[in-house]
Amino acid sequence: MRNRSLLCQLVLVAAATAAFSAAAWTAAGPLAALLVAGCGSFALAAAAAFGFARYREIAHLADAIDRVLHEGRSVSFSQCREGDVAILSNEMQKMVARLVRTADALEQEKRALATSMEDISHQIRTPMTAIALMVPAIEQADDALERKRALRNLEAQVDRTSWLVTSLLKLAKADAGALDLADGPVDVGAAAERAAEPLLVAFDLKDVALHIDCAPGASLRGDARWIAEALGNVLKNCLEHTPAKGAVTLSAREDALSTRIVVEDTGPGFAPDDLPRVFDRFYRGGAADVGEGAGGGLAGEGFGIGLALARALAEAQGGTLVAANGEAGGARFTFAFPKFVV
């Protein structure tokens, strides 16, 4: 009887029964009043039974919600049926299912973030430790040539750290969907030239040939800056893992369905165990050792985030990036940007 709405309902039914019984007594005599009172009593009992049943259902639903909040439980749809309370129960189960999925996703993101923060801390600590060790060596160096060499190494470590921080910020923006992306026609040949320009000296120092073969007029819709950024990261990766006298080739073709950009090198390719994780952040795999020092001092060499950033930039513009071993044994990266209007 703590349910005030149920109590009010029963009081109203009882009051109506008494009123109608009194009116029947006055109008038709005691027999009519008795019949009205009997019908009213039956209605009162039925209302009480129905109300108590609803109250038990609501109490059961409240108890189930309480268990979900404090203990957690699996959600079952075996009790789905018609009725206002049952519909409410079903909707609550749907909400709980959604909350469980959301909680699982948040937990996975939390673990991934913790792992990423650990990796980031480790990656930044390495060049920072090198910088800390170089500063006293520079201060104590008496020979001008030795000091100049130490300063050049210090500058390289600063560049590595700067590249890492910048790349991580770009990755974070891509994950959050906060990249400032233009949506216009992009000339693939011009984007390829723009991506290759900062790497030309490194290609010469490494004695690796760079070939760009883009079909005339090949284009796609996107942001030219970020397309060049993605291509540059893939070119840099290929350079790091291509031996001297080797070659890296960038080709592009356009058809009625998509624009495809393929970057291939003549390096050792991917190990079978590494291929599924090529685009994982901070993953370098066994092939990382092949190109050690291959970049001619490229900033960011060996961090394992360049390919992750390239894929994130491609996907942010509606494209895809996949990796495979080429027919000649080297690595092959394929960008595909589908045309939404054929």
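Here are a few things to note about the model shown:
- Residue within region 244-256 that is surrounded by fewer than 19 Cβ atoms within 10 Å (Cβ to Cβ), over 13 Å from THR334 (Cα atoms) and among the charged types (D, E, K, R) present: yes
- Within region 219-315, strands (runs of 3 or more DSSP E) holding 1 or more residues that are at pLDDT 95 or above: 247-254, 258-265
- Checked against (1) in contact with a strand residue (DSSP E or B) (Cβ under 8 Å, 6 or more places away or on another chain); (2) assigned to a loop (DSSP other than H, G, I, E, B); (3) free of Cβ contacts under 8 Å to residues at least 40 places away in the same chain, ILE212 passes all but condition (2).
- Residue check, ALA174 modelled with pLDDT of 80 or more, assigned to a helix (DSSP H, G or I) and among the aliphatic types (A, V, I, L, M): no
- Of all the numbered requirements in (1) at pLDDT 70 or above; (2) among the charged types (D, E, K, R); (3) surrounded by 10 or more Cβ atoms within 10 Å (Cβ to Cβ); (4) over 24 Å from LYS236 (Cβ atoms), ARG73 misses one, and that requirement is (1).
- Among (1) at pLDDT below 80; (2) farther than 15 Å from PRO127 by Cα, the one test that ARG160 misses: (2)
- Condition broken by ALA176, with the remaining ones in (1) exposed (fewer than 12 other Cβ atoms within 10 Å of the Cβ); (2) touching a residue at least 24 places away in the same chain (Cβ under 8 Å) satisfied: (2)
- Just one of the listed residues (ASP183, ASP187, ASP223) is under 19 Å from ALA336 (Cβ atoms), touching a residue at least 12 places away in the same chain (Cβ under 8 Å) and loosely packed, with under 15 Cβ neighbours inside 10 Å, and it is ASP183.
The values are calculated or read from the model by the stated rules, or taken from the named source; none is laboratory data. The structure displayed is predicted, hence computed values, not measured ones. Here the Cβ is made from the backbone with ideal geometry for all residues, glycine too, and neighbour counts use every protein chain on show.
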